[in-house]
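*Asks:* Structure incoming, see below.
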Amino acid sequence: MQNWRKKIHEIIYESDTREGKLFDIVLICVIIVSIMLVMLESVKSLDAKYHDFFYYSEWIITILFTIEYILRIITVNKPGRYIFSFYGIIDLLATLPMYISIFYGGAHALLLLRSMRLLRIFTILKLSSFVGASQKLKQAIYASRFKILVFLSTVIILCIIIGTLMYVIEGEASGFTSIPLSMYWAIVTLTTVGYGDIAPQTPLGQFLASVVMVLGYGIIAIPTGIVTSEFTKQEKDDLQLNTQSCPNCAADKHRNNAEYCYSCGSKLGN
């Protein structure tokens, strides 16, 4: 890789260096400014007064994002890995709206997609412990997926049973005109949201509602416990990751002492 490509790669993909951290901070600031401009533009009184300012500012930001997107592509040996990665897709979606708005005016509102780029705030700090913690949390959720799926299935079945019982107990006179509508009430009550648009009127219905409300508090704690248990297991195997990004395939989150990329085997630039 040419020296200039290697230097740009270190700046825009990594935050272990002063230049890389500064680039990420500036990038996040620009994203925040862009989002604020879109929000302020939605206020009709401000748009009428500062429409040209909003319009040209967004174009300037869009051009900067376009240049950044192109640089991210040309500074890796396998551009496809970045283009079709999560952040690559987000970067593209954050850049396109202004260009689309030339042909379709409503697309301008899609500029709020740039808020997704704020996910890069995780790469500003780039503390090994933070990156490692986020990785362990992801692994904990993934490891808990089957338990969570069983839990959700149980909750759905419970809502069907409770909704059917409430439909039989209360009936149309109290607003429970169908089983699906009664299931909606069960879900709202079980999750402790309680909109209050439908409420039981009979003593038996109110008793069942009370049981569901108390049950809701217990149910909320279950998925938290499942994920926490898996997260604790992950803590025992701290990965100690850093922000090193492979110049060949753009894979990141390498171990602190890694000399070669875990994905493609290329030598890292550390």
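The values are calculated or read from the model by the stated rules, or taken from the named source; none is laboratory data. A quick note: this is a predicted structure, and the numbers were derived from the prediction, not measured. Reconstructed Cβ throughout: ideal geometry from the backbone, glycine too, with neighbour counts over all protein chains shown. For accessibility, only protein heavy atoms count, side chains too; no ligands or nucleic acids. Shrake-Rupley method; radii C 1.70, N 1.55, O 1.52, S 1.80 Å.
*Asks:* Looking at the stretch 204-220 only, could you name the residues that are of a type outside the set (A, V, I, L, M, F, W, C), touching a residue at least 24 places away in the same chain (Cβ under 8 Å) and either under 17 Å from T154 (Cα atoms) or touching a strand residue (DSSP E or B) at 6+ places or on another chain (Cβ under 8 Å) (or both)?
*Replies:* Answer for the stretch 204-220, where residues must be of a type outside the set (A, V, I, L, M, F, W, C), touching a residue at least 24 places away in the same chain (Cβ under 8 Å) and either under 17 Å from T154 (Cα atoms) or touching a strand residue (DSSP E or B) at 6+ places or on another chain (Cβ under 8 Å) (or both): G216, Y217.
*Asks:* Find all pairs meeting these conditions: Cβ atoms under 7 angstrom apart; at least six residues apart or on different chains; first residue within the stretch 178-198 and over 17 Å from L158 (Cβ atoms); second residue open to solvent by 70 Å² or more (accessible area, probe 1.4 Å) and among the β-branched types (V, I, T).
*Replies:* Short answer, once both residue conditions are applied: none.
*Asks:* Now for a separate question. Looking at S174, S182, S129, which is the one that is more than 22 Å from G218 (Cα to Cα), out of contact with any strand residue (DSSP E or B) (no Cβ under 7 Å at 6 or more places or on another chain), at pLDDT 80 or above and not β-branched (V, I, T)?
*Replies:* Among S174, S182, S129, only S174 is more than 22 Å from G218 (Cα to Cα), out of contact with any strand residue (DSSP E or B) (no Cβ under 7 Å at 6 or more places or on another chain), at pLDDT 80 or above and not β-branched (V, I, T).
*Asks:* Looking at the stretch 63-71, is at least one residue in contact with a Ser or Thr (Cβ under 8 Å, 6 or more places away or on another chain), open to solvent by 40 Å² or more (accessible area, probe 1.4 Å) and closer than 27 Å to A250 by Cα? Can you show your working first?
*Replies:* Residues of the stretch 63-71 in contact with a Ser or Thr (Cβ under 8 Å, 6 or more places away or on another chain): 65-66, 69.
Checking the rest, the ones that are also open to solvent by 40 Å² or more (accessible area, probe 1.4 Å) come to none.
There is no residue in the stretch 63-71 that is in contact with a Ser or Thr (Cβ under 8 Å, 6 or more places away or on another chain), open to solvent by 40 Å² or more (accessible area, probe 1.4 Å) and closer than 27 Å to A250 by Cα.
Let's see how each residue does on (1) modelled with pLDDT under 75; (2) open to solvent by 20 Å² or more (accessible area, probe 1.4 Å); (3) within 30 Å of V76 (Cα to Cα):
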| position | (1), (2), (3) |
| --- | --- |
| Y167 | no, yes, no |
| S178 | no, yes, no |
| T189 | no, no, no |
| D197 | no, yes, no |
| Q206 | no, yes, no |
| I219 | no, yes, no |
| D237 | yes, yes, no |
| Q240 | yes, yes, yes |
| H254 | yes, no, yes |
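*Asks:* OK, next. Go through the stretch 74-107 and give me each residue that's more than 17 Å from I28 (Cα to Cα) and open to solvent by less than 40 Å² (accessible area, probe 1.4 Å).
*Replies:* Listed by number, the residues that qualify are T75, V76, G80, Y82, S85, P97, M98, S101, A107.
*Asks:* Condition first: among the β-branched types (V, I, T) and free of Cβ contacts under 8 Å to residues at least 40 places away in the same chain. Now tell me which residues in the stretch 39-90 satisfy that.
*Replies:* Answer for the stretch 39-90, where residues must be among the β-branched types (V, I, T) and free of Cβ contacts under 8 Å to residues at least 40 places away in the same chain: V43, I60, I61, T62, I63, T66, I67, I70, I73, I83, I89, I90.
*Asks:* Would you say S144 is open to solvent by less than 30 Å² (accessible area, probe 1.4 Å), closer than 30 Å to D252 by Cα, within 26 Å of the chain's Cα centre (by Cα) and hydroxyl-bearing (S, T, Y)?
*Replies:* It is true that S144 is open to solvent by less than 30 Å² (accessible area, probe 1.4 Å), closer than 30 Å to D252 by Cα, within 26 Å of the chain's Cα centre (by Cα) and hydroxyl-bearing (S, T, Y).
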